[in-house]
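Before anything else, here's the structure in question.
The values are calculated or read from the model by the stated rules, or taken from the named source; none is laboratory data. Predicted, not measured: the structure shown is a model, and the values here were computed from it. Positions of Cβ are backbone-derived with ideal geometry, glycine not excepted, and every protein chain shown enters the neighbour counts. Protein only, heavy atoms only, side chains kept; ligands, DNA and RNA dropped before computing areas. Shrake-Rupley method; radii C 1.70, N 1.55, O 1.52, S 1.80 Å.
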Amino acid sequence: KESGFHVMHPRDQIVLVITRIYERGMTTTSGGNISVMDENGDMWVTPSAIDKGSLNRDDIIQVKKDGTIVGKHKPSSEYPFHKAIYEIRPDIKAVIHAHPPALVSFSIVRQIPNTNVIPQAKNICGLVGYAPYALPGSEELGEHIANVFKEGHQAVIMENHGTVVGGSNLDDAFQRFETLEFTARAIINGKAIGKVKSLTDSQIAAFEEQIPHLLPEMGKVERTSEGQEKRE
């Protein structure tokens with residue numbers, strides 16, 4: 001059964017997720033951006049310099065495949081690195097960038113959180129990489145991030161900045177983002193109590209093997225953004 005989220009227009013998906021991220025204290029009013037690539041090859045992205053806690057669907061910008069920008073604001077100043085990720089990883093259809101406190105803490109000590117701390121985290125987060133610092137919004141930063149995604153990573157810790165995660169859709173990307181931040185926070189809290197101990201890969205594999213994997217009830221349904229807009 002298809003969830004309600006997946007039949008929402010990209011505008012509404014983005015507003016829902018950026019509001020969720022802001023209200024849970026995982027970014028600031030000025031920090032973070034989200035994009036979704038639709039079936040037409042058009043990108044939907046959060047605007048530049050607009051309070052992330054008060055966005056509505058009309059604030060979301062469309063960047064068409066030919067580069068035409070449609071909307072009442074400018075797209076996020078960091079949308080070029082979203083574009084770079086999509087170009088290098090066609091399997092990725094949604095990107096979240098934000099400044100969640102625990103992952104920012106890892107970024108400023110130049111470390112990557114070990115996702116083996118709880119059974120579920122490793123496979124949800126996927127491979128996590130690290131991108132060296134470059135000026136936010138610059139082509140250099142986009143190249144650094146895209147190069148890490150090119151190696152097959154699903155998430156990137158950005159040096160002294162924040163994090164970027166990709167997903168097959170925005171729901172997938174948010175789950176990865178939230179789980180990675182939870183993992184980072186758990187490690188920081190654990191270190192305050194004592195030495196953090198991780199699970200082995202074989203222990204995590206055993207956990208994954210015992211989870212029932214049900215066959216899908218129906219094939220993938222694709223809807224164009226125009227079709228979803230009409231449904232709305």
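Taking only Cα atoms and a 10 Å spring cutoff, compute GNM fluctuations for the chain and point out the largest among 197, 150, 52.
197
Which percent of the accessible heavy-atom area of the chain goes to carbon and sulfur, probe 1.4 angstrom? Mind dumping the intermediate values first?
Details: 6260 of 11860 Å².
C and S atoms contribute 53 percent here.
Please compute the per residue accessible area over the chain with all protein chains in place, 1.4 Å probe, rounded to a whole number of Å². Could you put the intermediate results ahead of the total?
Values: 11860 Å² over 232 residues.
Roughly 51 Å² per residue, with all protein chains present.
Next question. Based solely on C-alpha atoms, express the radius of gyration and the Dmax of region 57-216 in angstrom.
17.0, 54
Could you tell me the center-to-center distance, by alpha carbons, between region 31-81 and region 109-164 in angstrom?
Distance between centres, Cα-based: 22 Å.
OK, next. Can you give me the three principal axis dimensions of region 70-162 from its C-alpha atoms, in Å, biggest first?
The principal-axis extents, from largest down, are 43, 28, 24 Å.
Let me ask you something else. Taking +1 at the Cβ of each Lys and Arg and -1 at the Cβ of each Asp and Glu, which of 108, 30, 97 sits farthest along the dipole of region 1-114 towards its positive end, judged by Cα position relative to the Cα centre?
Positive-end residue among those listed: 108.
Over 20 Å between Cα atoms, which of 65/93; 72/93; 122/197; 52/191; 64/150; 93/150 qualify? Please list the in-between numbers first.
Values: 65/93 14 Å; 72/93 24 Å; 122/197 15 Å; 52/191 32 Å; 64/150 23 Å; 93/150 15 Å.
The pairs that break the limit, which is 20 Å between Cα atoms, are 72/93; 52/191; 64/150.
Dipole of the chain, Cα-centred, from +1 at each Lys and Arg C-beta and -1 at each Asp and Glu C-beta, to the nearest 20 debye? Don't jump to the answer; show the numbers that get you there.
On the way: 25 positive and 30 negative charges, 121 e Å.
Here the size comes out at about 580 debye.
Please report, in cubic angstrom per residue, the volume enclosed by the convex hull of the alpha-carbon atoms of region 1-138. Working shown, then result.
Working: hull volume 19.2 nm³, N = 138.
Each residue corresponds to 139 Å³ of Cα convex hull volume.
Would you list the membrane-span-like helices of the chain, meaning whole DSSP H runs whose alpha-carbon atoms span at least 15 Å along their axis and whose mean Kyte-Doolittle value is at least -0.5?
Helices meeting the span and hydropathy rule in the chain are 10-23, 139-150, 170-193.
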